[in-house]
Amino acid sequence: MDEPCVYKKVSGSAKVFLVLYVDDILLIGNDVRAMSSVKVWLSNHFAMKDLGEASYILGIKLFRDRKKKLLGLSQVNYIDKVLARFSMQDSKKGFLHFRHGIHLSKGMAPKTQDGREKIRNIPYASAVGSLMYAMLCTRPDICYAVSVVSRYQSNPGPQHWTTVKHILK
């Protein structure tokens, strides 16, 4: 693996992944015995405490349905905080991330000093950054929309901001 802090051990059909973040370890695998073996080895070499099954990691909620063999990730708390930060917690929820027929361009940027002053107080880059974090962790479905609005961070206009708020919904 080429990922820093992600380690993989394969023994036959058994696979165990160890994800390390500062002083937290997330152990994932398809074989209980192999995972137990890794835990024993780690506890023999390091002082550690087993906190049991993970429910959150880096602010991302983990949930599973063992019967259906499903594992899911959710950032609902993070997204709620982002909506509150941009005063959108009470807005209607949307279903489309990017409406058909919306064409953004650099020409939509403010052309007057007064227009630039109005948009300067809008946290456009912060909102786009928040969307990027959600996109990278749990919402790949907004990737195209975020890539479009991120092009205008240096000089956004009102239509650009409206589009960002639409994605936030």
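A few notes on this one:
- Within the stretch 102-121, being open to solvent by 50 Å² or more (accessible area, probe 1.4 Å) and of a type in the set (Val, Ile, Thr) holds for Ile102, Thr112.
- With respect to the stated conditions, Leu42 is at pLDDT 90 or above, within 30 Å of Ala14 (Cα to Cα) and surrounded by 13 or more Cβ atoms within 10 Å (Cβ to Cβ).
- Subset of the stretch 123-161 [among the hydrophobic types (A, V, I, L, M, F, W, C) and open to solvent by 50 Å² or more (accessible area, probe 1.4 Å)]: Ala125, Met132, Leu136, Cys143
- Ile57 satisfies every condition listed in (1) farther than 14 Å from His166 by Cα; (2) open to solvent by 80 Å² or more (accessible area, probe 1.4 Å) except (2).
- Remark: Gln89 matches the filter, which requires a residue to be free of Cβ contacts under 8 Å to residues at least 12 places away in the same chain, surrounded by 11 or more Cβ atoms within 10 Å (Cβ to Cβ) and under 20 Å from Gly129 (Cβ atoms).
- So Leu18, is it within 18 Å of the chain's Cα centre (by Cα), without any contact (Cβ under 8 Å) to a residue 60 or more places away in the chain and under 30 Å from Met135 (Cα atoms): no
- Residue selection: Gln75 fails the criterion of being touching a helix residue (DSSP H, G or I) at 6+ places or on another chain (Cβ under 7 Å), modelled with pLDDT of 90 or more and open to solvent by 70 Å² or more (accessible area, probe 1.4 Å).
The values are calculated or read from the model by the stated rules, or taken from the named source; none is laboratory data. As the structure is a prediction and not an experimental result, all values here were calculated from the model. Virtual Cβ from ideal backbone geometry, glycine too; neighbours counted across all protein chains shown. Please note that ligands, DNA and RNA were not included when accessible areas were found on the heavy atoms of the full protein model with its side chains. Shrake-Rupley method; radii C 1.70, N 1.55, O 1.52, S 1.80 Å.
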